[in-house]
Amino acid sequence: MCITFGFMSLSGAATQNPHVNKRVTPRHVTAAGIVKTLPCWSQWFWRTVVAMALRDELLKSIWHAFTALDVDKSGKVSKSQLKVLSYNLCTLMKIPHDPVALEEHFKDDDEGPVSNQGYMPYLNTFILDKVKEEFDRQDFDRMCWTLCARKNLDRSNLLISDDDAFKIWCIFNFLCEDRYPLSIVTEEMEYFLHKLTDSMGGSWVEERFEDYKLELQAQQRSLSAWELITLVASGHFSKGMDRQTLSMGINEVYHELILDVLKQGYMMKKGHKRKNWTERWFVLKPTSISYYMGEDLAEKKGDIQLDGNCCVEPLPDKEGKKCLFFIKCAEKSFEISASDKKRKQEWIQAIQTCVSLLRLGLPAPHREARLRRREQRRRLQAEQEELEARMKELQAANETKQQELEAMRKALEEAAASAAEEERRRLQTQTELQDRYRTDLEREKTVRQQMEQQVAQKASEVDQYLQRVRELEDMYHRLEDALEEERTARQDEETVRRLQARSVRTGQPAHTNTNTHTRTCIHTHKCTHTHIRPLW
């Protein structure tokens, strides 16, 4: 019975796996947002991130081992081989092995395999979900490396040792993307090669790598782990360096990126009991400082556990020792003497950085830097996809516009033909209308002449009527004057009558001229009435 890996095949096609695609991985967060969080939340968050990152890195090594067992490259491995692989994984990661679970997961019935989901669900449930950090990660990587290097690594042309090739393989797994088949992008490859050159004391030649990067982009490919090992072993980017220098550089980069060694070197340490000073090889990691008898790390003498409450302070020279500093932890304190002031300051700064990161709950600087680079690539990729989508939309809109313009051109041609026909009809109609208008104008001219004659006649009649009105108005004014004179005469007559009545009472005669004037007015009034004639 052969079993697939489950969420991926050897060709790299990923399927939907709830343990892989539905969880938060470090590439989904940004370092800028993490620093602003509260320390307690940040510590919980980064514990989760570290656990997920550990799971991803373990899965990469297991993937290499699985593909190595797939001899015919069919994407399937026999159940017996998976039993051996699962047993070795459980042994190295100190997980109780349950062979019955594997049998139940892939057992056959009358119709064939009960489970067709591949090896990944079993690996998640019975191995990766139970992983803790107490196991030796190097032994685990060594086992997976032994399985895959035997099949994929050509040692005949290598200029580096097998151990150096293993370290490059581990660095590849740390820097490569979480996509299968595993490959390393040019940005991470440049980061590794640049760091390797610096560790060897060489100078980084940007132009040389740019040419190589353009070559990869032209071929539209990225490097696998074995191609990266061959590239480093060829010495293309380490010309002028001997094998020993190259090996030391690889070892230094491996210690920093894989073993999280932030700083290491010889210093003097004061004993707690005998108070004597002894030389030790110190190794600084994000959460501890280990000290050994020598740099071969053969015999560990002790650990200094760091936390957010630790502090490091410089000390004045004493007891014949110079360049002293003091590490104060929760349980113990340590006095250490560096070889010179520069190294003393470097160690103090490096330890303070670790304490600050622990206080904030952040990971090691190189892991956070990798996270930022992945986040930046993800953001750039999203922007690129958005730009491509926008370009497709613009292209579709352009094609639509072209179709609309073509339709408009045809419509304009049809409209022009229709307009020409309409113009011909309009000219014909205009000619007919002109003839009709000419006839109508002549008829209108005749009617206008007749109307002008009638208007002249009416105007004459109006003049006569107006003359008669003026005469009537003059007569009206004369009548008003006559009425006014008659009113005056009556007033005078009334005055004479009153005078006569008064004279009768007094016995005096009235004046004759008054009576004469009254009679004259009455006569005039009568004459006026005599001359009035009818209006019509």
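The values are calculated or read from the model by the stated rules, or taken from the named source; none is laboratory data. What you see is a predicted model; the values in this text were computed from it and never measured. Every residue, glycine as well, gets a Cβ built from its backbone with ideal geometry; the counts of neighbours run over all protein chains shown. Areas reflect the complete protein model, heavy atoms only, side chains present, ligands, DNA and RNA absent. Shrake-Rupley method; radii C 1.70, N 1.55, O 1.52, S 1.80 Å.
Looking only at the range 154-182, count how many residues are among the hydroxyl-bearing types (Ser, Thr, Tyr) and within 15 Å of Asp56 (Cβ to Cβ).
Matching residues across the range 154-182 total 1.
Kindly provide the set of residues from the range 253-301 that are assigned to a loop (DSSP other than H, G, I, E, B), in contact with a strand residue (DSSP E or B) (Cβ under 8 Å, 6 or more places away or on another chain) and charged (D, E, K, R), ordered by number.
Answer for the range 253-301, where residues must be assigned to a loop (DSSP other than H, G, I, E, B), in contact with a strand residue (DSSP E or B) (Cβ under 8 Å, 6 or more places away or on another chain) and charged (D, E, K, R): Glu295, Glu299.
Suppose we filter Glu335, Glu313, Glu346, Glu331 for residues that are part of a loop (DSSP other than H, G, I, E, B) and over 16 Å from Asp260 (Cα atoms); which single one remains?
Glu331 is the lone residue from the list that is part of a loop (DSSP other than H, G, I, E, B) and over 16 Å from Asp260 (Cα atoms).
Yes or no: the range 287-306 includes at least one residue that is among the β-branched types (Val, Ile, Thr) and within 15 Å of Lys332 (Cα to Cα).
yes
Within the range 194-215, how many residues turn out to be crowded, with 16+ Cβ neighbours inside 10 Å and either within 37 Å of the chain's Cα centre (by Cα) or in a helix (DSSP H, G or I) (or both)?
6
Could you tell me which of the residues Phe282, Phe325, Phe237 is surrounded by 15 or more Cβ atoms within 10 Å (Cβ to Cβ) and at pLDDT below 90?
Exactly one of Phe282, Phe325, Phe237 is surrounded by 15 or more Cβ atoms within 10 Å (Cβ to Cβ) and at pLDDT below 90, namely Phe237.
Let me spell it out: the conditions are (1) at pLDDT 90 or above; (2) loosely packed, with under 15 Cβ neighbours inside 10 Å, and Gln220 meets all of them except one. Which number is the exception?
Result: Gln220 fails condition (1) only.
Given the structure, is Asp211 out of contact with any Gly (no Cβ under 8 Å at 6 or more places or on another chain), closer than 27 Å to Gly75 by Cβ and at pLDDT below 90?
no
Which number in (1) open to solvent by 10 Å² or more (accessible area, probe 1.4 Å); (2) at pLDDT below 85 marks the one condition that Met120 misses?
Met120 satisfies all of (1) open to solvent by 10 Å² or more (accessible area, probe 1.4 Å); (2) at pLDDT below 85 except (1).
Take the residues of the range 367-422 that are touching a residue at least 40 places away in the same chain (Cβ under 8 Å) and open to solvent by 100 Å² or more (accessible area, probe 1.4 Å): which is nearest to Glu190 (Cα to Cα)?
It comes out as Arg372.
Please verify whether Glu187 is part of a loop (DSSP other than H, G, I, E, B) and not hydroxyl-bearing (Ser, Thr, Tyr), treating the condition exactly as stated.
no
Look at the range 61-103 and say how many of its residues are open to solvent by less than 60 Å² (accessible area, probe 1.4 Å) and on the phi > 0 side of the Ramachandran plot.
The total comes to 1.
Under the condition of being within 19 Å of Ser234 (Cβ to Cβ) and open to solvent by 20 Å² or more (accessible area, probe 1.4 Å), which residue from the range 172-190 is nearest to the chain's Cα centre (by Cα)?
Restricting to residues being within 19 Å of Ser234 (Cβ to Cβ) and open to solvent by 20 Å² or more (accessible area, probe 1.4 Å), the top hit is Thr186.
Could we say that Thr514 is open to solvent by less than 90 Å² (accessible area, probe 1.4 Å), modelled with pLDDT under 90 and out of contact with any helix residue (DSSP H, G or I) (no Cβ under 8 Å at 6 or more places or on another chain) here?
No.
Every residue, every condition in (1) at negative phi; (2) surrounded by 11 or more Cβ atoms within 10 Å (Cβ to Cβ); (3) polar (S, T, N, Q), yes or no:
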residue	(1), (2), (3)
Asp303	yes, yes, no
Ala330	yes, no, no
Phe334	yes, yes, no
Ala338	yes, yes, no
Gln345	yes, yes, yes
Val355	yes, yes, no
Pro365	yes, yes, no
